[in-house]
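Engineer: Dropping the structure in here first, questions after.
The values are calculated or read from the model by the stated rules, or taken from the named source; none is laboratory data. For clarity, every value in this text was computed on a predicted model and none was experimentally measured. Heads up, the Cβs are rebuilt from the backbone with ideal geometry, glycines too, and the neighbour counts pull from every protein chain shown. Areas reflect the complete protein model, heavy atoms only, side chains present, ligands, DNA and RNA absent. Shrake-Rupley method; radii C 1.70, N 1.55, O 1.52, S 1.80 Å.
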Amino acid sequence: MLETKPNFNRPDESYALLIKAHEGLSEAESHAMNARLILILMNQIGDHAVIAEALALARNVRAAT
């Protein structure tokens, strides 16, 4: 089951790390890094059902904005 409630122990610092990781990258490099990060995190999750639920949620949230 997908955790949808905030679950960060240090949310501001985690966000800052994400932003810093993109500094100096071109748009294409930034997209490629995001793709690699997503694959790394999908591997960490490991559960196909959870990954499928997260992808569906992300797509639906994107469509609603």
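Engineer: For the range 48-61, name all the residues that are loosely packed, with under 12 Cβ neighbours inside 10 Å and closer than 14 Å to Glu3 by Cα. Please lay out each step first, then the result.
Structural biologist: First, pick out the residues of the range 48-61 that are loosely packed, with under 12 Cβ neighbours inside 10 Å: 48-49, 52, 56, 58-61.
Result: Ala49, Ala52, Ala56, Ala58.
Engineer: Give the range 20-47 a look and list any residue that's small (Gly, Ala, Ser) and under 22 Å from Glu3 (Cβ atoms), or say none.
Structural biologist: Matches in the range 20-47: Gly46 only.
Engineer: Anything in the range 5-42 that is closer than 23 Å to Leu57 by Cβ, among the hydroxyl-bearing types (Ser, Thr, Tyr) and open to solvent by less than 100 Å² (accessible area, probe 1.4 Å)? List them, or say none.
Structural biologist: Ser14, Ser30, listed by residue number.
Engineer: I would also like to ask the following. Determine if the range 5-23 includes at least one residue that is in a helix (DSSP H, G or I), free of Cβ contacts under 8 Å to residues at least 12 places away in the same chain and either aromatic (Phe, Trp, Tyr) or in contact with a His (Cβ under 9 Å, 6 or more places away or on another chain) (or both).
Structural biologist: Going through the range 5-23, the residues in a helix (DSSP H, G or I) turn out to be 11-22.
Imposing the further condition that a residue be free of Cβ contacts under 8 Å to residues at least 12 places away in the same chain reduces the set to 11-20, 22.
Still in the running and either aromatic (Phe, Trp, Tyr) or in contact with a His (Cβ under 9 Å, 6 or more places away or on another chain) (or both): 15.
The answer is yes; a qualifying residue exists.
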